[in-house]
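Here's the structure, in structure tokens; my notes come after.
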Amino acid sequence: MKAELTRRSETKRISHVGIAVTDLEKAIADFSSLVEPSEIERISLESEKVRIAMLKLGDSEIELLSPIENSGPIARFLEKRGEGIHHIAVKVDDVSQAIENAKNRGFQLLDSTPRSAARGAQAAFVHPKSAHGVLLEFYNQ
Ligand code: ZN
């Protein structure tokens, strides 16, 4: 019971929902009209070959992801599945601990250590096979 309470004291919430798009500027314009974000931040993540726009909505964000070249994970996703929801990110205090906990509970992860994400954040992905078809991201922002 005590351990359970300790685990729950972590500040968890939906950090962001990642959406793969072909035309980033068009998607920014459309989602801005649809949901009226309070802030829009543009980021290039060369390591993942992706351009990102973070649209702030209260404590959460919509992360629009568009490939820089015709390669990389987002380009492959768009090719296979078209535009749409790519992943859901849950905010955790400690990504390494989240990886450890998930591994110990038998879940399959894409990352054995935290990877560097936009804005100096750390991230790790759970394999969709382990999360009912959802690419789940642990994210510390
Ligand atoms: Zn993300």
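The values are calculated or read from the model by the stated rules, or taken from the named source; none is laboratory data. All figures in this text were calculated on a predicted structure; none of them were measured in a lab. Every residue, glycine as well, gets a Cβ built from its backbone with ideal geometry; the counts of neighbours run over all protein chains shown. Quick note on the areas: whole protein, heavy atoms, side chains included, nothing else; ligands and nucleic acids left out. Shrake-Rupley method; radii C 1.70, N 1.55, O 1.52, S 1.80 Å.
List of remarks:
- Of note, I62 does not satisfy the criterion of being assigned to a strand (DSSP E or B) and open to solvent by 70 Å² or more (accessible area, probe 1.4 Å).
- Flag if R76 is surrounded by 12 or more Cβ atoms within 10 Å (Cβ to Cβ) and of a type outside the set (F, W, Y): yes
- Near pairs, Cβ below 8 angstrom, 6+ apart or cross-chain, from segment 99-122 (closer than 20 Å to G133 by Cβ) to any residue that is in a helix (DSSP H, G or I) and open to solvent by 70 Å² or more (accessible area, probe 1.4 Å): Q108/K129; L109/K103
- Flag for D30 being in contact (Cβ under 8 Å) with a residue 40 or more places away in the chain and loosely packed, with under 14 Cβ neighbours inside 10 Å: no
- Extreme residue, nearest to A118 (Cα to Cα), among residues of segment 26-59 that are part of a helix (DSSP H, G or I) and of a type in the set (G, A, S): S47
- Any hit, segment 92-111, residues being part of a strand (DSSP E or B), within 14 Å of the ligand (Cβ to nearest atom) and modelled with pLDDT of 95 or more: no
Here is a yes/no grid of residues against (1) open to solvent by 50 Å² or more (accessible area, probe 1.4 Å); (2) under 14 Å from Q141 (Cβ atoms):
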{"site": "S44", "(1), (2)": "yes, no"}
{"site": "L57", "(1), (2)": "yes, no"}
{"site": "G72", "(1), (2)": "no, no"}
{"site": "D93", "(1), (2)": "yes, yes"}
{"site": "L110", "(1), (2)": "yes, no"}
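- Among the residues making up segment 15-29, those that are more than 11 Å from A53 (Cα to Cα) and among the β-branched types (V, I, T) are V17, T22.
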